[in-house]
Amino acid sequence: MILGDQQRRFLPFVARLIDYAYSQGFELTAGELYRTPEQAALNAKSGAGIAHSLHTQRLAVDLQLFKDGSI
């Protein structure tokens with residue numbers, strides 16, 4: 001599948017997840033939405049991630065969920 005097609009399929013799932021989280025009383029903030037390949041390699045080297053992160057393809061998003069002000 002072409003990357004652009006994958007990205008177009010991925011984003012509606014993120015939107016549904018966000019809508020669902022809010023409907024369950026959560027609040028969200030967005031963490032990392034995009035990571036350069038260089039940053040992914042540095043993260044992997046330090047043990048804080050993987051070199052081939054889907055963030056580098058815009059197919060991953062980090063969300064922080066809060067309920068009643070707490071993570």
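The values are calculated or read from the model by the stated rules, or taken from the named source; none is laboratory data. Source: prediction; values computed, not measured. Cβ: placed from backbone, ideal geometry, glycine included. Neighbour counts: every protein chain shown. With ligands, DNA and RNA removed, areas are computed over all heavy atoms of the protein, side chains included. Shrake-Rupley method; radii C 1.70, N 1.55, O 1.52, S 1.80 Å.
Details
- Some residue of segment 35-52 being in contact with a strand residue (DSSP E or B) (Cβ under 9 Å, 6 or more places away or on another chain) and among the charged types (D, E, K, R): no
- When segment 1-32 is limited to residues that are modelled with pLDDT of 95 or more and part of a loop (DSSP other than H, G, I, E, B), the one that is surrounded by the most Cβ atoms within 10 Å (Cβ to Cβ) turns out to be 26.
- First in segment 50-63 and under 13 Å from residue 6 (Cβ atoms), second anywhere and surrounded by 15 or more Cβ atoms within 10 Å (Cβ to Cβ), Cβ under 7 Å, 6 or more apart: 54/60; 56/35; 56/40; 59/10; 60/53
- Of the residues making up segment 33-71, those that are part of a loop (DSSP other than H, G, I, E, B) and open to solvent by 60 Å² or more (accessible area, probe 1.4 Å) number 10.
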